[in-house]
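To keep things clear, I will list the structure first and then write my remarks on it.
Quick note: the coordinates plus some simple rules give every number you see, no bench work behind them. These numbers come from a predicted model, not from an experiment. Positions of Cβ are backbone-derived with ideal geometry, glycine not excepted, and every protein chain shown enters the neighbour counts.
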Amino acid sequence: MVKETFIHDKHVQSGAKMVDFAGWDMPVQYSSIIDEHKTVRENVGLFDVSHMGELFVSGNDAEAFLNKIVPQDISRLDYEKAVYCQLTNKKGGLTDDLIIYKTGILEYLIICNASRVDEDLNYMVNNTRGFDVEIENCSHKYSLFAVQGPKADTLMRKMGLNTHQDSFTIKPAVIANVKLLISRTGYTGEDGYELLVENKYSEYLWDEILKQGREFGIKPVGLGARDTLRLEAGLHLYGNDLNEDTTPIEAGLSWSVPKDKTADYNGKDVIMNQIQNGVPKKLIGLKMLDKSIARHEYEVYFKGEKVGYITSGAPSPILSANIALAYVKNDKEICTGAVVQVMIREKLHDAEVVKRPFVEKRNKVRL
Amino acid sequence: MEKNMLCTKSHEFLEDNGNKTYTVGLTDYAVEQLGDIVYLELPDVGSTFTKGETFATVESVKAASEIYMPISGKIVEINESAVDSPEVLNEDCFEKGWLVKIEATGDASEQSDLLEYSKYKEDLE
């Protein structure tokens, strides 16, 4: 049974092209992926990401419990702050990547990938032994909209946001007379907000954001542009760039793994060992040197030897070049500026190793 | 433009130019479904393909798709300007966005499963 978000019919009526994504019938594009992508980079775009999972974790041991299942140090997370984390398995691999928000003294909100809600719940429940903690899956109660782009803040101010909000914070707010939770986070590399709203207000809010955003050139944006935007920003997609067999260190996420966290967590021994002694494989950014496009699972070669595979690849509408992420063996010669080859339809195509993000992130809040 | 045109169920069109030569391209439905076309790979002039064989690849932002020969033939000309500017397929798939010109190498019976454009459009509904 395919799942639908609360405003599914609106997408269909507006002529969006719909696709199955993680069991949900979702809009992949409304007009054109390239056009929607540029709208987010230049103005503001509105995404329905209600397929994502919302899990509330509460109880006396909520903090200690979360500290057991993610490498980030949750004891440092202040009220109304958010942090990017991964759920690690005992081998240091990733069950999911997610954002944890502290929404109460003993309460946390986890927003996770739609494709991983069931696995995440299973994983969490299996780790609750000895903790006084309650886990509630609220995914069916809320709609989640992302308002992303350089004009997102101006639009939210116009619609009722009355205080400055720092990046990676979450607060109750009233937007267009609707009570909701608003966080200054996103998955595009742009400044922007994510709005968690009760389903009963979602239809009204969606229409109101599009109406009030008209003067800023707002457009609804589908999953197609969401993917190219996150790739340009060098952000990982679970299932492509992250899975149960990749560690946060291999994935280039060391910045989200504190070295001085005292609490033990699943996979900590493997992860700490990799920090000290190095990793067998590493995630690199690639820019194709011709017009070809590297796609998921294509093979990567260096000096005639197969060294890895592409995990994500697409055209970058901003760079007018084709970019990709790949895992390659941890060879120090495969470094920024080196040229590798990607096997595309039985031919090798040159690609240069480049720094990530491919496009400079602009989600640092300017005061 | 639809006068001598036949279509495949895999959304290629075949336009009869007379003298056993044909123009092959993608239908308006195909380019609409693909969305923004960003890359096109065409075969070398002189290469030959049998009916149903992959002869070209088109890529949208999201994915790569193969294009199949509507009939057996030898490539006599390719649309270089479409390779340079693949977006021309979205703009005008039947005229400026054609892919290759071929010389038929099989017999006329190969066209028996191809559909008139109007019938092809009808079947899509």
Report task. May I ask for the Kirkwood hydrodynamic radius of segment A:164-319, worked out over all distinct Cα pairs and given in angstroms to one decimal? Result -> 19.2 Å
Report task. Calculate for chain B the 222 nm mean residue ellipticity that helices alone would give, adding -39,500 (n - 2.57) per DSSP H run of length 4 or more and normalising by residue count, nearest 500 deg cm²/dmol. Result -> -4500 deg cm²/dmol
**Report entry** Integer Hz, Karplus 6.51/-1.76/1.60 couplings in order for segment A:229-243, x for Gly and Pro
**Finding:** 5, 5, 5, 4, 7, x, 8, 6, 10, 4, x, 9, 9, 9, 7
Query - segment A:254-330-segment A:34-86 distance, computed between alpha-carbon centres (Å) - result: 22 Å
Query raised in the report: So how compact is the protein assembly as shown: Cα radius of gyration and Dmax in angstrom?
Result: 25.2, 84
Query raised in the report: Which lysines does B:LYS96 reach when only Cα atoms under 20 Å apart count, and residues fewer than 8 places away in its own chain are ignored?
Result: B:LYS3
Query raised in the report: About its Cα centre, how strong a charge dipole does chain B have in debye, to the nearest 20, once Lys and Arg get +1 and Asp and Glu get -1 at the Cβ?
Result: 300 debye
Query raised in the report: So, in Å, what gap is there between the alpha-carbon centers of segment B:89-125 and segment A:209-236?
Result: 36 Å
Query raised in the report: Once all Cα-Cα distances of segment A:280-354 are split into 5 Å bins that start at 0, what whole-number percent is in each one?
Result: 4, 19, 34, 27, 12, 4, 1
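Calculate the translational D of segment A:101-166 in whole µm² s⁻¹ from Stokes-Einstein, where the hydrodynamic radius comes from the Kirkwood formula applied to all Cα pairs, the temperature is 37 °C and the viscosity 0.692 mPa s. Before the final figure, lay out the partial values.
Details: Rh = 15.0 Å.
Here the translational diffusion coefficient equals 218 µm²/s.
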Report task. Could you tally the net charge around A:ASP35, taking each other residue with its Cβ under 10 Å from the Cβ of A:ASP35, Lys/Arg +1 and Asp/Glu -1? Result -> 0
Query raised in the report: Can you work out ³J(HN,Hα) from phi for every residue in segment A:285-293, in order, using Karplus 6.51 cos²θ - 1.76 cosθ + 1.60 and θ = phi - 60°, giving whole Hz and x for Gly and Pro?
Result: x, 10, 10, 5, 8, 10, 8, 6, 10
Report task. Loop only per DSSP, at most 14 neighbouring Cβ atoms within 10 Å: give me the GluC sites (Glu not before Pro) in segment A:271-367, ordered by residue number. Result -> A:GLU297, A:GLU333, A:GLU346, A:GLU360
Query raised in the report: Considering only A:SER202, A:THR246, A:SER256, whose Cα is most displaced toward the positive end of the charge dipole of segment A:192-274, charges sitting on Cβ of Lys, Arg (+1) and Asp, Glu (-1)?
Result: A:SER202
Report summary line: log10 I(q)/I(0) for segment A:32-181, Debye formula on C-alpha points only (no solvent), q = 0.18, 0.21 Å⁻¹, two decimals, reads -1.13, -1.37
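Counting alpha carbon pairs within less than 8 Å and at least 6 residues apart, what relative contact order, in whole percent, applies to segment A:51-195? Write out the running numbers ahead of the final one.
Working: 281 pairs, mean separation 36.4, N = 145.
Rounded, it is 25 percent for segment A:51-195.
Please work out the ratio of the alpha-carbon Rg of chain B to 2.2 N^0.38 Å and round it to two decimals. Working shown, then result.
Numbers: Rg = 13.3 Å, N = 125, 2.2 N^0.38 = 13.8 Å.
Compactness ratio reported: 0.96.
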**Report entry** Highest-fluctuation residue, A:HIS164, A:HIS236, A:HIS296 considered, GNM on chain A with Cα pairs under 10 Å
**Finding:** A:HIS164
Requested in this report: Give the long-range amide H neighbours of A:ILE344: residues separated by 5 or more places, or on another chain, with amide H under 5 Å away, using H modelled in the peptide plane at 1.01 Å from N.
Outcome: A:HIS349
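As a quick test, which of the pairs A:LYS281/A:LYS332; A:LYS81/A:LYS211; A:LYS38/A:LYS179; A:LYS17/A:LYS355; B:LYS9/B:LYS51; B:LYS20/B:LYS101 have an alpha carbon distance above 22 angstrom in this structure? Please report the intermediate quantities before stating the final value.
On the way: A:LYS281/A:LYS332 11 Å; A:LYS81/A:LYS211 30 Å; A:LYS38/A:LYS179 30 Å; A:LYS17/A:LYS355 33 Å; B:LYS9/B:LYS51 13 Å; B:LYS20/B:LYS101 11 Å.
Beyond 22 Å: A:LYS81/A:LYS211; A:LYS38/A:LYS179; A:LYS17/A:LYS355.
Using Cα-Cα distances under 8 Å and only pairs 6 or more residues apart, what relative contact order does segment A:286-367 have, in percent? Don't jump to the answer; show the numbers that get you there.
Details: 164 pairs, mean separation 26.1, N = 82.
Contact order relative to length: 32 percent.
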Report summary line: With Cα springs under 10 Å, the Gaussian network model of chain A assigns the largest mean-square fluctuation among A:ILE318, A:ILE74, A:ILE110 to A:ILE318
Query - Label-reachable residues, segment B:14-57, where backbone N falls under 16 Å from a point 7 Å from B:SER109's Cα toward its Cβ - result: B:51
Query raised in the report: Based on the Cα coordinates of segment A:47-95, what is the per residue volume of their convex hull in Å³?
Result: 110 Å³
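With contacts defined as alpha carbon pairs under 8 Å and 6 or more residues apart, what's the relative contact order of segment A:96-180 in percent?
Computed value for segment A:96-180: 19 percent relative contact order.
Please state, to two decimals, what the Cα-based radius of gyration of segment A:54-137 comes to when divided by 2.2 N^0.38 Å (N = residues). Let's see the in-between values first.
Values: Rg = 11.4 Å, N = 84, 2.2 N^0.38 = 11.8 Å.
Rounded to two decimals, the normalised Rg is 0.96.
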Requested in this report: Mind listing the long-range amide H neighbours of A:THR311? Cut-off is under 5 Å, sequence gap 5 or more, other chains count too, H placed in the peptide plane at 1.01 Å from N.
Outcome: A:GLU297, A:LEU325, A:ALA326, A:TYR327
Requested in this report: Give a residue-ordered list of calculated ³J(HN,Hα) values for segment A:80-96 (Karplus: 6.51 cos²θ - 1.76 cosθ + 1.60, θ = phi - 60°; whole Hz; x for Gly, Pro).
Outcome: 6, 9, 10, 9, 7, 9, 10, 8, 9, 8, 5, 8, x, x, 10, 7, 5
